[in-house]
Amino acid sequence: MILQTDPLTSPPLPAAFADISVLQVLLVAGVALFASVVGGVAGYGTGALMPLVLVPMVGAEPVVPIIAISALLTNTGRAMAFRTYVDRRRTMIVLAGSLPTCIVSAYGYTRLTSRGAMLVIGAMLMATVPLRYFLKYRAISFGDRGLAVGAVGYGAAVGGTVGAGVILLSILMAAGLQGAAVVATDAAISIVIGIVRLAVFGLAGVVTAQVLAFALLIGLIAFPGAFLARAFVERMPVHVHTAILDAVVLIGGASLVISAFTR
């Protein structure tokens with residue numbers, strides 16, 4: 001259900017934020033900053049947390065385009081903050097494998113109904129938590145060929161869903177990257193993926209004024225989060241906020257799936 005506001009009691013906002021109150025905009029901004037810091041430390045978070053706030057406000061369909069566009073700004077900030085750690089060779093390998101399947105799945109998402117979009121987003125969010133633990137504790141490792149194969153699957157997931165960043169992180173770590181190099185290379189890859197998704201969504205006509213407004217809000221607010229994360233990345237224990245994030249993602253994903261079946 002899309003939240004409605006009373007225009008007589010809400011302060012004026014740009015037309016792109018029609019039916020959205022100032023408090024809701026502030027909530028989106030606050031979650032965006034928090035998710036950006038978490039993403040810079042743990043490696044994922046923005047794509048997993050933002051849908052839980054956005055879906056009740058704007059519905060399910062615009063969420064993936066919003067996340068895709070805002071990710072261009074958040075990942076640019078992250079890439080700049082960690083630019084010296086980017087592994088360019090592995091970046092090219094992943095892009096070569098992921099871009100074709102990303103284009104196909106991004107177009108497929110534009111053909112979904114509201115219920116279908118909500119199911120895809122909710123199911124993917126719920127799947128990311130066990131998938132991350134499975135890949136982590138299996139201690140899978142592979143070379144460039146395995147990285148390229150994994151990238152094909154990542155591209156299929158990232159094009160039309162949110163939260164697929166956990167797959168990219170896992171295959172980068174399995175290929176031998178560690179620490180800041182994982183965060184930096186993930187950001188560099190995600191910038192190119194974001195540009196491609198934006199092109200597909202734009203050609204499909206799903207990039208509306210509201211999508212752009214929310215994407216810019218999230219991206220601009222979250223941009224400094226990467227630099228805050230860099231200050232914490234060597235000091236903050238990751239397992240504590242990762243456990244909290246996992247719980248939030250699981251509960252939020254389940255609520256979206258339930259809403260899709262009951263609406």
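The values are calculated or read from the model by the stated rules, or taken from the named source; none is laboratory data. Note that the structure is predicted; figures quoted are calculated from it, not measured. Cβ coordinates were reconstructed from backbone atoms using ideal geometry, including for glycine residues, and neighbour counts include every protein chain displayed.
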Is it true that some residue in the range 181-189 is more than 19 Å from L33 (Cα to Cα), of a type outside the set (F, W, Y), touching a Gly at 6+ places or on another chain (Cβ under 8 Å) and at pLDDT below 85? yes
All but one of (1) surrounded by fewer than 19 Cβ atoms within 10 Å (Cβ to Cβ); (2) part of a helix (DSSP H, G or I) hold for L112, so report the exception by its number. (2)
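Conditions (1) under 22 Å from F82 (Cβ atoms); (2) of a type in the set (G, A, S), marked per residue:
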{"site": "Y154", "(1), (2)": "yes, no"}
{"site": "V158", "(1), (2)": "yes, no"}
{"site": "I171", "(1), (2)": "yes, no"}
{"site": "A175", "(1), (2)": "yes, yes"}
{"site": "Q178", "(1), (2)": "yes, no"}
{"site": "V182", "(1), (2)": "yes, no"}
{"site": "A187", "(1), (2)": "yes, yes"}
{"site": "A204", "(1), (2)": "no, yes"}
{"site": "V211", "(1), (2)": "no, no"}
Those residues that are at pLDDT 90 or above, surrounded by 11 or more Cβ atoms within 10 Å (Cβ to Cβ) and either closer than 15 Å to V182 by Cβ or among the basic types (K, R) (or both), I need them from the range 136-148; list them, please. L147
(1) farther than 27 Å from L216 by Cβ; (2) in contact with a helix residue (DSSP H, G or I) (Cβ under 9 Å, 6 or more places away or on another chain); (3) of a type in the set (A, V, I, L, M) all hold for M92 apart from (2)
When the residues of the range 208-263 are filtered to those that are more than 19 Å from V28 (Cα to Cα) and either of a type in the set (S, T, Y) or in contact with a Leu (Cβ under 7 Å, 6 or more places away or on another chain) (or both), which remaining residue is modelled with the lowest pLDDT? T242
Considering only residues of the range 156-201 that are touching a Ser or Thr at 6+ places or on another chain (Cβ under 9 Å) and of a type in the set (S, T, Y), which is farthest from L54 (Cα to Cα)? T185
Give me the pairs: first residue in the range 51-70 and of a type outside the set (A, V, I, L, M, F, W, C), second residue crowded, with 22+ Cβ neighbours inside 10 Å and not in a helix (DSSP H, G or I), beta-carbon distance under 7 Å, and six or more apart or on different chains, which are they? P51/V162
Could you pull out the residue among A123, A157, A151 that is surrounded by fewer than 19 Cβ atoms within 10 Å (Cβ to Cβ), within 17 Å of the chain's Cα centre (by Cα), part of a helix (DSSP H, G or I) and of a type in the set (A, V, I, L, M)? A123
